[in-house]
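Structure, as structure tokens:
The values are calculated or read from the model by the stated rules, or taken from the named source; none is laboratory data. All of these numbers come straight from a predicted model, not from anything done at the bench. Please note: Cβ atoms are built from the backbone with ideal geometry, for glycine as well, and neighbour counts cover all protein chains shown. Quick note on the areas: whole protein, heavy atoms, side chains included, nothing else; ligands and nucleic acids left out. Shrake-Rupley method; radii C 1.70, N 1.55, O 1.52, S 1.80 Å.
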Number of protein chains: 2
Amino acid sequence: MALVVQKYGGSSVESAERIKKVAERIVRTRKEGHDVVVVVSAMGDTTDELTDLAEQISPKPPAREMDMLLTAGERISNALVAMAIHSLGAEARSFTGSQAGMLTTSRHGDARITEVNPYRLREALDEGYIVLVAGFQGMSADSKDITTLGRGGSDTTAVALAAALNADVCEIYSDVDGVYSADPRIVPRASLLETVTYEEMLELAASGAKVLHLRAVEYARRYGVPLRVRSSYNDKPGTLVSGSIEEIPLENPIITGVAHDRSEGKITVTGVPDTPGMAAKIFRTVADAEINIDMVLQNISNVSDKKTDITFSLPRTDGDTAVAALERAKGEIGFSELIYDNDIGKVSLVGAGMRNHPGVTATFCEALSNAGINIETMNTSEIRISVICRSDQLDDAVQALHEAFGLGAEDDAVVAAGTGR
Amino acid sequence: MALVVQKYGGSSVESAERIKKVAERIVRTRKEGHDVVVVVSAMGDTTDELTDLAEQISPKPPAREMDMLLTAGERISNALVAMAIHSLGAEARSFTGSQAGMLTTSRHGDARITEVNPYRLREALDEGYIVLVAGFQGMSADSKDITTLGRGGSDTTAVALAAALNADVCEIYSDVDGVYSADPRIVPRASLLETVTYEEMLELAASGAKVLHLRAVEYARRYGVPLRVRSSYNDKPGTLVSGSIEEIPLENPIITGVAHDRSEGKITVTGVPDTPGMAAKIFRTVADAEINIDMVLQNISNVSDKKTDITFSLPRTDGDTAVAALERAKGEIGFSELIYDNDIGKVSLVGAGMRNHPGVTATFCEALSNAGINIETMNTSEIRISVICRSDQLDDAVQALHEAFGLGAEDDAVVAAGTGR
């Protein structure tokens, strides 16, 4: 008998029909003799609908009230799943984030979990109940106000509960079968990965793979919670995320997968005086606008006029804000021009084995070159290589790398979705 | 500077447009220098929609989970009103029932308030905020689970908060202008009442007037909370409910109004052995099925066979359940037949002055008789006379009584709704 935490995403509970299906799976797990804790996202479009309502009322609603509003979505799905379980003859109890002891910081809309006190959940488990917890939400430890955890909040709720309850596994259910070697919509022969280490999953998630949220993976790694990514539409085992790259055998495949990201843009600041502290001023300006930058390239300085160009990538949605902030600081920084470019894509190759295998970078560059793709910016970690190319060449780049590193399966992937979703 | 509690019903917050209107009124009250606590019902049809969803999933959803589900509705409207207030430049904070310190019994779906600890509301008021509280909901003092207060729950929330905060007035906003001397849809010349005592309001509410819920009026009377019933669509002062019939001057009008109720049916049990305890057995059987009965008539016993008939009225929705329960107990009780009649109506005349004015009952009966209406069952209190008649004669009965007691205004009532709603 194990303790299993299961998390179901919005598409898994989008209708009464789907909720009944999910309930069947939960009850089956319970009947197999396991203790079950379930975290549910809001039904399908509920969060979008509530956000629309808020926008009709106020152009910039206060974050505290947005949290009060949006958390209603998970309460609703939570209660409905409990009812569906009940109608199958099993017993369930639903809890809100605060009832589940999910304490957070006070930053509304993007709170961090500071402590989990799941004593009410433990009591309910001991009494034989299936336990349901509304995802994405908690209570500020200081103000006792309702908070939300931001993007990927429900995944993080599930992992945090799994850690606090010392669960044997945390299963993340969605409409994809698991983690693929590339997005099957771009690479039909992408293979489903049986296992991935935390580090590789972090790199994949940070490079655009949407099957798991970065933050949830970080949390799982820190507390050693094994994650299983699988589909709520079938019984396939999915992908197990666990273990460290330090532990995997050397004969394992060198490369795990290819991820891509089409959500970034890049800004080039030209004619920046090549004196110490100028790059810092630019990045401080962008950071003060609360924008995270991704890749950075500083060109070799032009010797004649002691000026340089600095290029960095950032989420497209933050492009206008960053440009405006830099324009305001133009006098202080003293650059000549800002060039904003939305038509870029990022492709990344991830694999724990690349640490010990020289030549991966060379193969990487050759593959792209053979496919006629120009590399604009490159960035690497110990187990990842990422480059920026033109957006319309991104699919070609993913296919070329997948082929060059022999990541394909025998057959086409069955579903039309994967790492890139 | 006063402390004002305002309660807005579902139709007052049914859309983003209406929510903005309500917010304007709230902010105006605050700008007049008053502390304001607002209780909001769920938007328009939200509760019905959530109930439908639950029914799609489970024929008999557990009451605890229904409460988790339905309370989301008030959270949503609550947060939206806070946003609308914010966009007008004022500051508001919304609270759930449990955050507002609304402690209740554990009876899910129909919990009673046991204690109100509004310390968070007081803090927020002291800091200058407009305070919003989700109506209809609380937290079980024993289990810490979320509860709902049943029908009229939001009115009761408002009155309970007004009592706990020692508010100067509790304003109940809906889409009617106040309490009328009769339903203006039946009596166009019905007059809007400026003031009504608690006792009269209790009798009117119990007799079918839907403008205020019986339970909220009872709570207001017990704690001496002045209620003002008014429309959220205009600035008319509405009707003040306060004071006792013991205090009103003798020269006040004898009769306050006519109420009617079309929601009851009646059951006649024939051939009941006329021995002590038989009526008790019948009413115990009905009570055990959790059905409240209203009026009772026991016919004079037939001397020859020592049998009698017992007639009582009850909510139509409980008719089938009551008949089934009595049929099961037929052997024990020993009656001959059950006659169930849905085509009845109840008309009631309410007025504090009738205690001191003999002849009201005579005028009452004459008026109905002149209108050709047969009285089937009669029931009285110190300040009320009620009779059951045929359902299709109910409008005539209301009009005849309103006319006979001179309750009409000079002009037609402006709105097409009133006490009978």
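The table that follows gives values for the structure above.
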quantity	calculated
Region B:117-148 - residue that is touching a strand residue (DSSP E or B) at 6+ places or on another chain (Cβ under 9 Å) and among the hydroxyl-bearing types (S, T, Y) and, of those, nearest to B:M83 (Cα to Cα)	B:Y129
Hey, B:T268 over 30 Å from B:G406 (Cα atoms), touching a residue at least 24 places away in the same chain (Cβ under 8 Å) and open to solvent by 30 Å² or more (accessible area, probe 1.4 Å) or not	no
Those strands (runs of 3 or more DSSP E) lying entirely in region A:302-421 with at least 3 residues at pLDDT 90 or above	A:307-315, A:337-341, A:344-350, A:384-390
Test for B:K7: is it among the charged types (D, E, K, R) and surrounded by fewer than 21 Cβ atoms within 10 Å (Cβ to Cβ)	no
Qualifying positions in region A:295-326 - open to solvent by 60 Å² or more (accessible area, probe 1.4 Å) and under 24 Å from the mean Cα position of the chain (by Cα)	A:V296, A:R316, A:T317, A:D320, A:T321
Residue match in region A:136-154 (condition: closer than 30 Å to A:G353 by Cα and not assigned by TED's automatic domain parsing to the domain that holds A:M295)	yes
Residue in region B:348-379 that is surrounded by the fewest Cβ atoms within 10 Å (Cβ to Cβ), counting only those that are of a type in the set (S, T, N, Q) and in contact (Cβ under 8 Å) with a residue 40 or more places away in the chain	B:N356
Odd one out for A:E32 among (1) within 11 Å of another protein chain (Cβ to nearest Cβ); (2) surrounded by fewer than 24 Cβ atoms within 10 Å (Cβ to Cβ); (3) of a type in the set (D, E, K, R)	(1)
Those residues of region B:125-136 which are outside any loop (DSSP other than H, G, I, E, B), in contact (Cβ under 8 Å) with a residue 24 or more places away in the chain and away from chain A (no Cβ under 14 Å), in sequence order	B:L125
Residue list for region B:137-155, restricted to those being under 20 Å from B:V22 (Cβ atoms) and either open to solvent by 30 Å² or more (accessible area, probe 1.4 Å) or assigned to a helix (DSSP H, G or I) (or both)	B:G153, B:S154, B:D155
Sole exception among (1) assigned to a strand (DSSP E or B); (2) in the same structural domain as A:G359 (by TED's automatic domain parsing); (3) more than 22 Å from A:I375 (Cα to Cα) for A:P276, by number	(1)
Filtered residues of region B:54-67 (kept if open to solvent by 40 Å² or more (accessible area, probe 1.4 Å) and more than 15 Å from A:R93 (Cβ to Cβ))	B:E55, B:Q56, B:P59, B:K60
Residues (within 23 Å of A:S232 (Cα to Cα) and either open to solvent by 10 Å² or more (accessible area, probe 1.4 Å) or of a type in the set (S, T, Y) (or both)) located in region A:156-183	A:T156, A:T157, A:A163, A:A167, A:D168, A:V169, A:E171, A:Y173, A:S174, A:D175, A:Y180, A:S181
Residue list for region A:271-294, filter: surrounded by 15 or more Cβ atoms within 10 Å (Cβ to Cβ) and acidic (D, E)	A:D274, A:D294
